[in-house]
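See structure below.
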């Protein structure tokens, strides 16, 4: 055996699953388990997996390994895994950091298929730990076994009562068997989810604590469980993204099977990002890039913890929205509570549906109150079985209804038959109707249980309910397809880069060379001439050169120097030069400012461009994000992108369709959309430019590129300035991670 | 008796409270209660107040009024309140809309002190209902009684078991006696709070459902309870603000007594605002104005429902932050969970405290792990009584500690003694130390109960915990003091307005008249001349006029017409006129554009100004908000205020100090703060201008004013254009509501 599950193709993992106890099966459905390093003290952490498996009734065989004793907590102990008289599927190493490697060797010798490791002190603890971790991975890969952790609190399969975890929350007497799998970097979170889920009558199918995911990452483990018929979808708690390609593959396979993937990701703030680094030795990325990456990979990212376990039930019903308007009609018996949900939905940009005329008339004829505006308030008078059932049935059967949310008042708590039964009956009798969401205002565990058993998505938290509905109504992402042999002249660009002498000229291409590359992509640049090694004393000769080049005034004069990529900040650009006498003044002003900032010999010449006039400016760039790889960003021009963080980001490259979506997200681009009677900007041309620039991420050698500004006109866009940073032969996409 | 409690002075209400059964006492501690209109059917809504009072053991006397029966649900019934052989303190009218007025008459005749009304169909139901409601108020005022509702689900005093409500949630067997009073526009919400609070072991002292607050508003009821020793603070659920002056008075009196006021306000979205209108016939205002109003009145506004009942316990400890840095140190045994809280705090702008060198060394010496960055992660190894107690005690006693948040892992659920005891003991032993907040990751009702009994603020919701800490660390507002006889020449401004002929010239002052008023305030305007009744054929004569007025080129030429307040949109302004020949072209261009938009006779003349150059522009305006009254707004100039909604709002008038805070909130003003090496703008001068403009809200006759743009220079600000809208003698402040 010599396979690396981290990078194993999906086919392999699936084949293995179909065999008895391939890695997916051995991970969550082992027949024989070894617990390595269980203490004889039943209060110690290491005793928990055994105790929990016993408590919940695991039917497989468990062997305890402890070389120091004959028996441990009343069970026979074996000195090594090798000594176990049985073929072990899954071993959980509960030993301290220093003993892990030897235990792994033992497992490998014994032919164990999956090894999970509890100890910390590896990659997250600095260089030494990182080296230790690398050795573990190497050994696991060589042996072709699946390794979970280190820093893993274990693996749980509620349906097989395999509760192989050190997390104290699994002491619960009521381990609910749900249909979603939890994959979490954090071990404590699997307990948090089980405990908080229980209160809302929500359980899980499998739970895996991945810790440092040194070898098997979220993507790999997800793929190994992708066809599990006991799993309807995945719940992820992410501290980082260690293997985005594998993750993308997993997410896309889940999407193909209509299995929603819902994620809560740490690092919503910069401080949170710093923490992921110190906590599990992970890298951090730009949270906006990660957000865009997740969305593009069909992952529903949630912002609130409750939504992580409450949203999945609703997202399973996404198909029922097909052909329906993307809005939600809110029905309630209690105005204040209903208004609260409408408010929280609207804050999240959800469209609230209103009753159409015929429905309103129907209710009026039946003397059912239904409010006047955006809230269908049947009032306390309408809190009766037949009225609620009538209203819900009618609305479920209207094709003009998007989704339907019912806010249940105080009776949800003590009169579930009254408040909940009409909902359940209406849903039962109107299969194929509009999807329905229930939200009881009070804490109402009985009602929640009744609704859940009837398959009605029900929420305990107001914000979680609003957030889940917002996700439900938003499209579930779309993986952007860019053909590999697109219209981009990769070869020509690569040639241009090869000619750049990195050693003497640094890694930032000057404007002239950058412009050439942008022109190779078919982008429009202003008519311009470059005067290399220009002697400022010899300005007069330029009059003829400008005339010969047929440049029309007004002109822009710029200094060219790789030492000054941000030349505007140093007075290196003079705009609106109206004639040759202004030109002379401009040149002398340029040199006097610039020579304060940079030695004259570093000035490579001056660039003379025709001045461009348009409707406004944009910025477009590509760069490498630590987590998700190459990304493309577009922002409003001037100071807006920076001051207002008015930027849209996507994993690069992007199609022009995705580029159009990006443009729609930039608020500053309002001025190009006919704002206050202004002429409209050519945003199609801008989308094409974004797509083309984004494809530079595929060119070997380009590390970063920025076009700033792009002038947006009513017919087309013109690139006014741009820079490309190259590195030694590594493209953005090929950067090792 | 002839008093109106809606506007009664505080002294009166307090005097009455000190008498036995003044309105505050009769409201929440009546000795004798009448329930008017109880049905004999025990399942009907109207039977609930009686049932709840019995269930919870109300010791006062309850009389039931029902003219149709001798007995009702087994109790003797009286035909009228008048017929009751006892002095009734508080009557709850449970009858339908059409019978309410007669019942109120009955109560008044019987000398009842407080009348609460359940029925809906009043102001929220249109004109007829509004008229009905007005009659009730008139009668209640004339009789000098306190009226709650209509549309009120009643009044509850948990400590006296006075559970006089129709809300089903009060059927609970476990009505917790808390120390905060709930005042809610929505009746269903008092049940929601009781029910959701119960799960977190949080109870309330008094709960009042105010409904339409036709007579007694939140402010009045709050004032009547302000000195109640069983009330530590107030929890408000607001759908609108009906009487801001009264509300301000209440909030400021609560603040004086260190009683926090926490509010959840509907209308966080425009849709939510529309709903408050349809739901209780309320007005809506600009949500940003309301937010600023609440903050300025010491009210802590929360965005999440959980925080509404979880934040108060923490806010009570605000005094303990005195002299401490405004940060929170997060301590945890579980990295993932701790990081989640840090992340949610940082998203809300909370500063995370780090260990200082000496503390870090102290822990290292004791071999206690404490992480490296922003999270004090003692790891699972540190999850022991003596370690946790040591860490908490040490940090509580450091003067460099701000607040301290402890994230408790899974052991909170099944081992509260282990996880919770060290916290409780450390808090007990270190009185006067840094305030401490506990957050158990799992659902852990036992731990929550233990911590709460020990007086430790503890949170069940992650987001609610983060939001509450953010509120706790923010300053609690500051009522702006503007002296009445400030430097503003109110008289001069009023005179200027009086000269404006409303009937012929409309309510918008032209630029020339507006400018004069702004100059009266001492604001700087460009040097300018106005040419009235200007004949475009007679341009030549102007050359001399411009010279005589000593205006220097470049100039700005503007058309003056009250018919065109937004003249720029119609080509009514020409900038950068460099000499007289350009001037002639400008004037002809002006007239040709303008004459398309407005008849020539409506053009009052042209205004010629010296062109101003500066660092950027701002917009300042005052207007009347429906809810909070006059407000002043400042925004970034150009399109920024509109596109990015980059505007700061406060109730007007404001001092220059508050104006400076407003300026700090406008992101676009970055460019005046030395952005990228630019010269700094004179933001002190801008603050003075904002304060002066804001004082126009006190001038009788001014309905609205806007200065757009203000040019910000490095020395001073110049007002380039401005408009004032007047109305018939009513100032912003005097507008009736």
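Each value in this text was obtained by applying a stated rule to the coordinates, not by laboratory testing. This one's a predicted model, so the numbers in the text were calculated from it and none came from an experiment. Methodologically, a virtual Cβ is constructed for each residue, glycine included, from the backbone with ideal geometry; neighbour enumeration extends over all protein chains shown.
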**Report entry** Cα-based shape type of region B:65-151, given that a ≥ b ≥ c are square roots of the gyration tensor eigenvalues and the cut on a/c is 1.5
**Finding:** oblate
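Say R0 is 30 Å: what FRET efficiency, to the nearest 0.05, do residue A:582 and residue B:664 get from their beta-carbon distance?
FRET efficiency, residue A:582 to residue B:664: 0.15.
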Query raised in the report: How far, in whole Å, is the nearest Cβ of chain A from the axis relating it by rotation to chain B, and which residue carries it?
Result: A:644, 3
**Report entry** Potential lengthening between residue B:475 and residue B:351 on full extension [0.36 nm per residue; Cα-Cα distance subtracted]
**Finding:** 43.3 nm
Query - Label-point gap, in nm, between residue B:645 and residue A:366 - each point 7 angstrom along Cα→Cβ - result: 3.7 nm
**Report entry** Distance between region B:321-352 and region A:313-331 - C-alpha centres, whole angstrom
**Finding:** 37 Å
Query - Using a Förster distance of 45 Å, the FRET efficiency for residue B:83-residue B:288 (Cβ separation, nearest 0.05) - result: 0.25
Report summary line: per DSSP, antiparallel bridges as share of beta bridges in the protein assembly as shown, % nearest 5, sits at 50 percent
Query - Least to most buried among A:71, A:116, A:166 (fewest other Cβ within 10 Å first) - result: A:71, A:166, A:116
**Report entry** Rounded if a/c under 1.5, otherwise prolate or oblate - region A:531-610, Cα gyration tensor axes
**Finding:** prolate
Report task. Report Rg(Cα)/(2.2 N^0.38 Å) for chain B, keeping two decimals. Result -> 1.16
Query raised in the report: So what's the Cα pair-distance distribution over the protein assembly as shown, bin width 20 Å, in %?
Result: 9, 30, 36, 21, 5, 0
Query raised in the report: What is the order of B:503, A:224, fewest Cβ neighbours within 10 Å to most?
Result: B:503, A:224
Requested in this report: With the Cα gyration tensor of region B:577-681 in hand, give its eigenvalues times 5 under a square root as the equivalent ellipsoid semi-axes, listed largest first in whole angstrom.
Outcome: 34, 22, 12
Report task. Report the antiparallel proportion of the DSSP beta bridges in chain B as a percent, rounded to a multiple of 5. Result -> 50 percent
Query raised in the report: For region A:320-456, what does the alpha-carbon gyration tensor say about shape, rounded, prolate or oblate, given a ≥ b ≥ c as the root eigenvalues, a/c under 1.5 as rounded, and a/b over b/c as prolate?
Result: rounded
**Report entry** Residue exposure sequence - B:107, B:164, A:370 - by fewest surrounding Cβ within 10 Å
**Finding:** A:370, B:164, B:107
Query - Spatial separation of Cα centroids for region A:624-656 and region A:493-530, in angstrom - result: 22 Å
Report task. Run the quick spin-label model on residue B:524 and residue B:43: label points 7 Å from Cα toward the beta carbon, then report their separation in nm to one decimal. Result -> 7.8 nm
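Given the rule -39500 (n - 2.57) for each run of at least 4 DSSP H residues, summed and divided by the residues of chain B, what is its mean residue ellipticity at 222 nm, to the nearest 500 deg cm²/dmol? Kindly include the intermediate steps, with their values, before the conclusion.
Details: 27 runs with 264 residues, N = 737.
Rounded to the nearest 500, the figure is -10500 deg cm²/dmol.
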**Report entry** Rough spin-label spacing in nm, given labels placed 7 Å along Cα→Cβ, for residue B:568 and residue A:544
**Finding:** 4.8 nm
